[in-house]
Number of protein chains: 2
Amino acid sequence: MPQRGEDEDMAGAGGGGQTTVMRFRDGILNLVAERGLKAGDKIPTEAELKAHLGGSRPTIREALKLLEQAGILSVEHGRGRFLTAAGTLHVARSITHFESITEMAGHFGYSYENRVLGFSEETPDKAVRAALKLAPGETIIRLERLRLHERKPLIYCLAMIRRSLISDPIYEVDWSGSLNAVLERYGHAPRMSTAEARAEMLPESAISRHGLADFGPAFLIDETVFTRSGEPIMFASDWYKGSHFAFNFARK
Amino acid sequence: MPQRGEDEDMAGAGGGGQTTVMRFRDGILNLVAERGLKAGDKIPTEAELKAHLGGSRPTIREALKLLEQAGILSVEHGRGRFLTAAGTLHVARSITHFESITEMAGHFGYSYENRVLGFSEETPDKAVRAALKLAPGETIIRLERLRLHERKPLIYCLAMIRRSLISDPIYEVDWSGSLNAVLERYGHAPRMSTAEARAEMLPESAISRHGLADFGPAFLIDETVFTRSGEPIMFASDWYKGSHFAFNFARK
DNA sequence: GGCCATCAACTTGTCAGACAACATGGCCGC
DNA sequence: GCGGCCATGTTGTCTGACAAGTTGATGGCC
């Protein structure tokens, strides 16, 4: 018998993955779900999985290794594999999932007006230069915006974007839409970030200049945003109105 | 040649893991570090890794699968494996790592006084009952505490603990130490949680009753805490003084 | 000389069978 | 009845092989 190969239809078959290993990973999860196994339960042995899913033991084992690394399974040599409880921690929209503010809007059920408060080309301060690994002399675009829902301000946004990424004059760019879309158009799609969160009041300057005295305590997220290839794009600070936003995550 | 087995000293050798696969996983990371490979770079082929690390191809491949699942490597059939940028996102103390407040204290460089403001046995409200999956009639222990550093209040803590977990009268328990240690002593060590974070001012009742008017905006973390086996233990709300705490995480 | 098809080499994906090491429970002897 | 021994089950590792995608070189054709 040839070793797989005979194009195996299964193309377009619901979910699955490209490689056999990925299909087995999903197959194992399905099997667990079908049998109603819970945290701590023993899952079928490699031999049983092989009988159910086909394939060879190394392939099955690679699929199992994926699930182990994902924290869904734990192994005990000579005893078997067991469902961990960590795998059952379900978090709705984890803060660790990268998404633009515009994408997040839908999740919270808000539709935003996006008001541009100002934009300018500036010299970065030390912190921003370090975060974005800017060369001496490189400048940034400082973009100040406000997101409103039904005329009430909900998010105050400050972005420091590497000037060199935008090949056009900054006044020709439409800053009132999704910033991610703008950056993607210039070939620098944001894909991930390192972030720091804290609770504070809005900066004095923002309160006084834009009439935000009623904003109340804010959930501030400072992010250094990168492309898929790890190139730093911008440093963003977003103050979310505390009374309107909450963020989920799992800890383990 | 026997297939491994000859006890291979290597015990206590720096890091490493128990199994060969774990050692190879670390070995690959070390190799990458030594050679100064960066995001997007091609890592050595399976054959080269085998030559460097020893072992067999299936074992090497299982180690690689771990790194792929961890998001550190990506594969392209026929081309090779490449370092992803996501793997280079380093976060100091991620908020997604479960730890007790006492443990966190050290990280922030604070040493705390732990003041018990009150404890009592109560009937849970609907939200807590749902989060802890309490049976009708089950009660909770409500524990209210304050962490101070140099006499200044930094964290206001409210915990709702399943009464049935503590087999002693609640007034015989020392609540002034680590809550995790107490629960561990009764065989219910906290290990993970689902959490929600937001920014808000302290509850009115806490401000007025405990003189916390100067606390300012707080970073509130609501957590449902579980044991390793997934059993819900308690529902904790911790208000961190916004001016003193920031929390890190990666988004991808 | 330039272009394209073919092919060899490299690399990852999968398969088969085997032995090693750890865990468990039953069997047997005492 | 009890404890040690051993068969069995399960995961860990090794060897060798073929399948399939990618890349670059080769060589023929125009």
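FYI, it's all coordinate maths here, none of it is from the lab. In this text the structure is predicted, and so the values were computed from the model without any measurement. Backbone-built Cβ (ideal geometry, glycine too); neighbour counts: all protein chains shown.
Data for the structure
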item: Cross-link pairs beyond the 29 Å C-alpha cut-off, checked among A:K252/B:K50; A:K38/B:K42; A:K65/B:K38; A:K38/A:K241; A:K50/A:K252; result: A:K252/B:K50; A:K38/B:K42; A:K38/A:K241; A:K50/A:K252
item: Ellipticity estimate at 222 nm from DSSP helix runs (n ≥ 4, -39,500 (n - 2.57)) divided over chain B, nearest 500; result: -7000 deg cm²/dmol
item: Neighbour net charge for A:L134 - beta-carbon separation under 11 angstrom, K R +1, D E -1; result: +3
item: Centroid-to-centroid separation of the stretch A:20-43 and the stretch B:25-55 [C-alpha atoms, Å]; result: 31
item: The protein assembly as shown: C-alpha gyration tensor shape, a/c 1.5 cut-off, then a/b vs b/c; result: oblate
item: Local net charge near A:P124, Cβ-Cβ under 12 Å (Lys/Arg +1, Asp/Glu -1); result: +2
item: Across the identical copies, how the A:S229 labels are spaced - nm, sorted shortest first, 7 Å along Cα→Cβ; result: 5.2
item: Taking the convex hull of Cα positions in the stretch B:20-88, its mean projected area over all directions (nm²); result: 4.0
item: Volume in Å³ per residue [convex hull over Cα atoms, computed for chain B]; result: 197
item: Exposed GluC sites (Glu not before Pro) absent: longest stretch of chain B, with sites in DSSP loops and at most 16 other Cβ within 10 Å deemed exposed; result: B:151-252
item: Distance from the stretch A:100-125 to the stretch B:191-228 (C-alpha centre basis), Å; result: 28
